[in-house]
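One structure below.
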Amino acid sequence: MELIYVWIEKFRNIEQCGIRLSKDFLVTIKNCGINEKDNISISVKEIIVKKISESPNIYGDNVININAIVGKNGVGKSNFLTCIGELVTSFHESSFILIYYNREKKKYVLECNQIALKNRNEEIIYSIQENCQPKTSIYNYYNGEITQYKIKEPILYDIEFIMIRENMDIMTHPNSNNVYSYIGRFGLPLNRSGLFYKFMYLMNFNNHDENLKNNDIKIRFEIKDVISNENAYKLKILPEFFPNDRCLFDFNEKDGKSIYKKVFMLRFFEKVINNMQLVEYNNVPNMINDLHEIIKNCNEDIYNLLNHYDEIKCKTIELKDALMKGRYENVIDIDKCYKDFVDQLEKVLNMIDKNNFRNSFTCWINGSDIIGKKDFADNIEKLLKLADSEDVCKEFVPRNIDISIENLSDGIKYLLSLYSAIHKCFKHNEINKYKTIVLILDEPDVHMHPEWSRKLINSILKFLKQEFPCNKFQIIFSTHSPFILSDIIKEDVIYFHKNNEGQSIVKNCNLNTFGANIHTLLKDSFFMDSTIGEFAKIQINEIIAFLLNDDYIGDMNKEKAKYIIYNIGEGLIRKKILKMYFDKYPEEIQDANDQIKYYQNEVAYLQKIIDSGMIIDRTRLSNFQSELENTLKVVAKLINSNGERND
């Protein structure tokens, strides 16, 4: 199933706006007035859908189509994506119609919110959601006939949404949108994207230049700061001061153990205990007293505490278990959360070189130390998989301990967060491998170098093919950059901009985006009003005013203008303004030889641009060639007038 059309009657700054997501369908939404229903004013629409073509798919076996939502900041790109993909935010303040099509069964499905539909027999169908059970309304559509959808029909479960964005309004867990729709909607903010897939990606040295062979990459473990207010401690395990860090490494080394690793774990237990909501049930008070007695009898002696490490660990986990039972025992896997994770963390710590413990709160693993050590890699993999699980995320990571991969470039860090978020949504929600996924990405290239942005679509296609070959994907992404637009067919590019009233509207553009030169795309007014910096543009315009107007009043002068002109990087602009300068100040050209030298340099510059093959746009290339011919004529004329042979 595929999302082919979106009508937004009202959401934030988008009003009565149709967004066509497939070139193969022609959709008409007719306004039929406003009706009153249950004291609610509701817009009535008539829908006409026609299939007009069957375009070939160029994006591969498991990607149906890609749509780019384009426009400057503030025009409504993110609002559009929020309206269709983040119902937990948009549901109560939006009214819309989503039209889906199943190509195999040749069926249309409508999803509506707070809107009325006019049936072929003039019947009005109201999709007003009840407060007691708010859901979008689902209908079958056939040749103008609209019928209530049977929820158990399998076609409804053929499509789901995944939304990935840097910041999400109030979505805090992957399935929160399901309250408002029978069509699954999942999503994650990038800062909760997980660690497991990032590690696996970096372990695969063929994925990218940046991987664990890079000596600078580290997996970092840090216990969150213990509560600073002394009175806020429920139970304090470690003394405020204990022997110098290095002396701890020498204690009990004959047994092959570094006690500093146990000190790190005691910090962890201390943080866990002080984050507990201690209550009066399940023998909790007695357990707290037992743990307190063990710690008290150690008398803040670090070595006594370490000798009782196993008891403190056992009592901490038992206390957590007791608190969880009766509250979350049917929601959270307690063993996974409070036994498996702790045991796996210990295993990893025991494999870390003792010199990689900075202090009792922080340690790390050098990426290069993992290479060729299968046991080490396997244990890290198990730990990160547990750390990514929803149970552990709710309780430990990052509430008590922060695990992160450090020293990655911003580009790879953002790309890994994007891929990890998609991966985590699939794993947490057990998405069926045969479903179509509407993958919504809000400005996925925002932190990327232009070259990475240029390659992003190809990278995403490879990732989806490799990780989810049995799923079908429809990708909808927003951007205010042209660098990834060269991979999108023009009919699949949706341009948002604001009208005079500040409302978002969609505008068509005839620019052939696919395979277009990025410089050509940059010049399109949807991206930039000019292709040079605003300050430079103002200065150049000031020079032009200074050179053309004898009564000029401003800050520009002859020397300043000359300095700026010779530093203009765009050759054609520099050449034209320099000619204006010489026309006003002919004495600046001392003799014909200076003129010849100047124009010969311009010839060399123009010929280099043409020979480079960088200019694909025919009009621009023709302009360069004309400039070259005219400049050669000037050179020839100057040489002849100077009494020299014209070669």
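The values are calculated or read from the model by the stated rules, or taken from the named source; none is laboratory data. Not measured: the values here are computed from a predicted model. Quick reminder, even Gly has a Cβ in these numbers, built from the backbone with ideal geometry, and neighbours come from all protein chains shown.
Can you name the residue in region 40-68 that is among the hydroxyl-bearing types (Ser, Thr, Tyr) and not in a strand (DSSP E or B) and is also surrounded by the fewest Cβ atoms within 10 Å (Cβ to Cβ) among such residues?
Among those residues, the one meeting the criterion is SER53.
Among what's in region 156-182 and is β-branched (Val, Ile, Thr) and either modelled with pLDDT of 70 or more or within 28 Å of ILE40 (Cβ to Cβ) (or both), pick the residue that is surrounded by the most Cβ atoms within 10 Å (Cβ to Cβ).
Going through region 156-182, the residues β-branched (Val, Ile, Thr) turn out to be 159, 162, 164, 170, 172, 179.
In the following step, the residues that additionally are either modelled with pLDDT of 70 or more or within 28 Å of ILE40 (Cβ to Cβ) (or both) were identified as 159, 162, 164, 170, 179.
On the way: ILE159: 21, ILE162: 24, ILE164: 26, ILE170: 8, VAL179: 13.
Checking each candidate, the answer is ILE164.
Residues that are among the hydroxyl-bearing types (Ser, Thr, Tyr): which strands (runs of 3 or more DSSP E) entirely in region 86-144 hold 1 or more of them? Spell out how you get there, then give the answer.
Working: elements: 95-102, 107-113, 115-118, 124-127, 137-142.
In region 86-144, the matching strands (runs of 3 or more DSSP E) lie at 95-102, 107-113, 124-127, 137-142.
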| message | One residue is enough: does region 15-33 have a residue meeting the conditions surrounded by 14 or more Cβ atoms within 10 Å (Cβ to Cβ), aromatic (Phe, Trp, Tyr) and farther than 23 Å from GLN114 by Cα? | response | yes
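Yes or no, residue by residue, for (1) farther than 30 Å from TYR157 by Cα; (2) in contact with a Lys or Arg (Cβ under 8 Å, 6 or more places away or on another chain); (3) touching a residue at least 12 places away in the same chain (Cβ under 8 Å); (4) not in a loop (DSSP other than H, G, I, E, B):
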position: PRO398; (1), (2), (3), (4): yes, yes, yes, no
position: ILE412; (1), (2), (3), (4): yes, no, yes, yes
position: PRO444; (1), (2), (3), (4): no, no, yes, no
position: MET448; (1), (2), (3), (4): yes, no, yes, no
position: GLU451; (1), (2), (3), (4): yes, no, no, yes
position: LYS455; (1), (2), (3), (4): yes, no, no, yes
| request: Provide a single number: the residues in region 1-39 that are of a type outside the set (Asp, Glu) and either in a loop (DSSP other than H, G, I, E, B) or out of contact with any strand residue (DSSP E or B) (no Cβ under 8 Å at 6 or more places or on another chain) (or both). | output: 7
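Would you check which residues across region 93-129 are among the β-branched types (Val, Ile, Thr) and within 15 Å of ASP158 (Cα to Cα) and list them? Full working, then the answer.
The first filter runs over region 93-129 and keeps only residues among the β-branched types (Val, Ile, Thr), leaving 97, 99, 109, 115, 124-125, 128.
Correct list: ILE99, VAL109.
Does TYR141 count as under 20 Å from GLU9 (Cβ atoms) and touching a Phe, Trp or Tyr at 6+ places or on another chain (Cβ under 7 Å)?
On the way: under 20 Å from GLU9 (Cβ atoms): yes; touching a Phe, Trp or Tyr at 6+ places or on another chain (Cβ under 7 Å): yes.
Answer is yes for this residue.
Matching residues to (1) at pLDDT 85 or above; (2) aliphatic (A, V, I, L, M); (3) in contact with a Lys or Arg (Cβ under 8 Å, 6 or more places away or on another chain); (4) assigned to a helix (DSSP H, G or I):
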position: LEU521; (1), (2), (3), (4): no, yes, no, yes
position: ASP524; (1), (2), (3), (4): no, no, no, no
position: ILE565; (1), (2), (3), (4): yes, yes, yes, yes
position: ILE568; (1), (2), (3), (4): yes, yes, yes, no
position: ILE577; (1), (2), (3), (4): yes, yes, no, yes
position: ASP594; (1), (2), (3), (4): no, no, no, yes
| Can you tell which of GLU542, GLU559, GLU588, GLU602 is at pLDDT 65 or above, in contact with a Ser or Thr (Cβ under 9 Å, 6 or more places away or on another chain) and not aliphatic (A, V, I, L, M)? | GLU602
| query | Of the residues GLU86, GLU111, which is of a type in the set (Asp, Glu), modelled with pLDDT of 95 or more, under 27 Å from ILE489 (Cβ atoms) and crowded, with 21+ Cβ neighbours inside 10 Å? | reply | GLU111
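Could you tell me whether GLU501 is under 21 Å from the mean Cα position of the chain (by Cα) and either at pLDDT 90 or above or over 27 Å from ASP24 (Cβ atoms) (or both)?
Here the answer is no, as GLU501 does not meet what is asked.
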| task | State all residues of region 423-445 that are more than 27 Å from LEU485 (Cα to Cα) and among the β-branched types (Val, Ile, Thr); if no residue qualifies, say none. | result | ILE431
| task | Being in contact with a strand residue (DSSP E or B) (Cβ under 9 Å, 6 or more places away or on another chain) and assigned to a loop (DSSP other than H, G, I, E, B) is the filter; apply it to region 414-433 and report the residue that is farthest from MET276 (Cα to Cα). | result | ASN432
